[in-house]
Amino acid sequence: METNYYLGFDGGGTKTRACLMDDLDRVVCEAYGPASSIDTVSLETSLASLAATYAALPEQHSVAAVFAGLGGIAGPLDIARYIAALRQLPFVPEGARIGAENDVLNALASGNGK
């Protein structure tokens with residue numbers, strides 16, 4: 001059976017963390033990169049930071065889904081704009097599920113163990 005991989009980003013004003021997970025909720029690898037919060041850097045710089053953080057991952061696999069929890073995402077327009085931008089990144093395959101929200105959602109999910 002083929003393994004599916006999932007990529008998550010936690011982007012703030014000082015750094016970005018990427019986490020690659022598999023179907024069994026195992027962390028495959030992690031990496032850190034530069035700031036990607038859209039209230040700290042431009043959209044273009046934010047996307048470049050995600051790309052640099054992804055490139056720093058010790059393992060890279062085709063992903064079934066990508067989620068970016070970033071500081072500065074403040075509503076549906078920001079979410080739609082960022083999801084459209086994420087689709088343009090070379091490591092995001094066509095057909096992958098894409099999500100984006102404020103990074104407070106990452107903190108809430110980690111506090112709930114999800």
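Please report, as a whole percent, how much of the solvent-accessible surface of the chain comes from carbon and sulfur atoms (probe radius 1.4 Å).
Of the solvent-accessible surface of the chain, carbon and sulfur hold 54 percent.
Using the scaling law 2.2 N^0.38 Å as the reference, what is the normalised Cα Rg of the chain?
The chain yields a ratio of 0.98.
Nearest 20 debye, what's the magnitude of the dipole of segment 4-45 about its Cα centre given +1 on Lys and Arg Cβ and -1 on Asp and Glu Cβ?
140 debye
Using per-residue counts of other Cβ atoms within 10 Å, averaged over each peptide, order 68-76, 55-63 from highest down.
Ranked from most to least packed, the peptides come out as 68-76, 55-63.
Please report how far the C-alpha centroid of segment 13-33 lies from that of segment 57-85, rounded to the nearest whole angstrom.
13 Å
How big is the antiparallel share of DSSP beta bridges in the chain, given as a percent to the nearest 5?
Antiparallel bridges make up about 50 percent of those DSSP assigns within the chain.
Helix 76-86 sits at what angle to the longest principal axis of the chain, using alpha carbons and giving 0 to 90 degrees rounded to 10?
The answer is roughly 50 degrees.
Near VAL28, within a Cβ-to-Cβ distance under 13 Å, what is the net charge of the other residues, with Lys and Arg +1 and Asp and Glu -1?
After counting each charged neighbour, the total is -4.
Hey, what did the chain get for relative contact order, percent, Cα under 8 Å, at least 6 apart?
With pairs under 8 Å counted, the relative contact order is 26 percent.
Give me the distance in nm between label points sitting 7 Å out from Cα along the Cα-to-Cβ direction at SER42 and LEU77, one decimal.
Each label point lies 7 Å from its Cα, and together they span 2.0 nm.
Work out, step by step, the length gained on full extension between GLN88 and MET1: first 0.36 nm times the residue separation, then minus their alpha carbon distance; give nm to one decimal.
28.4 nm
Evaluate the charge dipole of segment 1-80 about its Cα centre and quote only its size in Debye, nearest 20, assuming +1 on the Cβ of each Lys and Arg and -1 on the Cβ of each Asp and Glu.
Result for segment 1-80 is approximately 220 debye, rounded to the nearest 20.
If you roll a 1.4 Å probe over the heavy atoms of the protein chains, what accessible area per residue do you get for the chain, in Å²?
56 Å²
Just to be sure I understand the model, the point goes 7 Å from the Cα along the line to the Cβ. What's the resulting THR14 to ALA65 distance in nm?
About 3.0 nm separates the two model spin labels.
Please report the accessible area of ASP10 (heavy atoms, 1.4 Å probe, ligands and nucleic acids excluded) in Å², nearest 10.
70 Å²
The values are calculated or read from the model by the stated rules, or taken from the named source; none is laboratory data. Predicted, not measured: the structure shown is a model, and the values here were computed from it. Here Cβ is always computed from backbone atoms with ideal geometry, including for glycine, and neighbour counts include all displayed protein chains. Heads up: the accessible areas ignore ligands, DNA and RNA and are worked out on the full protein's heavy atoms, side chains in. Shrake-Rupley method; radii C 1.70, N 1.55, O 1.52, S 1.80 Å.
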